[in-house]
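Input: a single structure, listed below in structure tokens.
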Amino acid sequence: MLEWLGRVRSQKPLAMVRESCLVIASPLSSAIPTGMPVQPAAHSPADGSAPAAFGGGAIIGALGGLIGLGGAEFRLPLLIGAFRFAALEAVILNKAMSLVVVATALPFRARTVPFGEIAAHWPAILNLLAGSLLGAWLGAGWATRLRSETLYKVIAVMLVLIAGVLVLGHDTTAGAALATGPAQIVAGVVFGFLIGVVASLLGVAGGELLIPTLVVLFGADIKLAGSLSLAVSLPTMLVGFTRYSRDQSFSVLGRNRGFLLTMATGSILGTFIGGQLLGLVPSVVLLPVLAAILLISAVKVWRHA
């Protein structure tokens, strides 16, 4: 201390203030806990990322379109890995793009399955919605409260789950409904709830889970199940989107409006192209490849934690 006082006497006033601040700050800085959770800084991609966003969206959309899906489960790892968005921001962006893709997919699918035929299956739609709307709200709420590191791990685990469903459940063929009456209603609500949670946590439409559920639980034809899944997905996503809008991370949409529209446009184009090529690549080859992509993506997302 005497040494420090001697140095202070020989310094100019400004230097004295600086020296004093350093002395005061030193013990305080060592007392601050270093393990406190820190939210990642808001991120916006570089201005030159428009071609990458459009191209990435188109490729992802085409991959999903090849199996009759929108590709959101492949787009989420791209947002995290290539464009370096934080977990929650990536989920919200993915949700917004999924909403746009599903809204545009419904009219396209009307040529294959008329709206009248979709409306005729309203009991199945309402049955799943009874669970999925609540699941979407709660899932979005959980996502906003999770630490970023934990959300990365949750996303990784769910990508593994989706990979398993692709391999084991995507080629399910229509047959008799698995259950009828009250048992079917209860199962529909439970499965709808779980699908709503997954859809909100990943920012996806949930078609990869809804289609097998509609085929197995309700005995729907695969083409009809694809359209029915969109009818369930749209209100489910709107509920999750509404819940996310109450969180400060929702501002990522405003900061990245151009990026969002560019990638969504690419996704729509890619989904359309993939849909035209549907069935061109045998499922026995395509599904394991897509599942492997998801597994690799899951590992990379986990490492972000």
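Here, each number is a calculation from the coordinates, and none is a lab measurement. Computed from a prediction, not measured in an experiment: that's the story for all the values here. Positions of Cβ are backbone-derived with ideal geometry, glycine not excepted, and every protein chain shown enters the neighbour counts.
Below, the figures for the structure above:
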{"item": "Debye, to nearest 20: dipole size of the range 49-304, +1 on Lys, Arg Cβ, -1 on Asp, Glu Cβ", "result": "660"}
{"item": "Over the range 49-304, relative contact order from alpha-carbon pairs under 8 Å, at least 6 apart, %", "result": "42"}
{"item": "The range 49-304: translational diffusion in µm²/s, Stokes-Einstein, Kirkwood Rh over Cα pairs, 25 °C, 0.890 mPa s", "result": "137"}
{"item": "Residues S49, S283, S98, S227, sorted so that the one with the fewest Cβ neighbours within 10 Å comes first", "result": "S283, S49, S227, S98"}
{"item": "L261-R147 pseudo-label distance in nm [points 7 Å out on the Cα-to-Cβ vector]", "result": "3.9"}
{"item": "Contour minus Cα-Cα distance for K300 and A120 (0.36 nm per residue)", "result": "60.5 nm"}
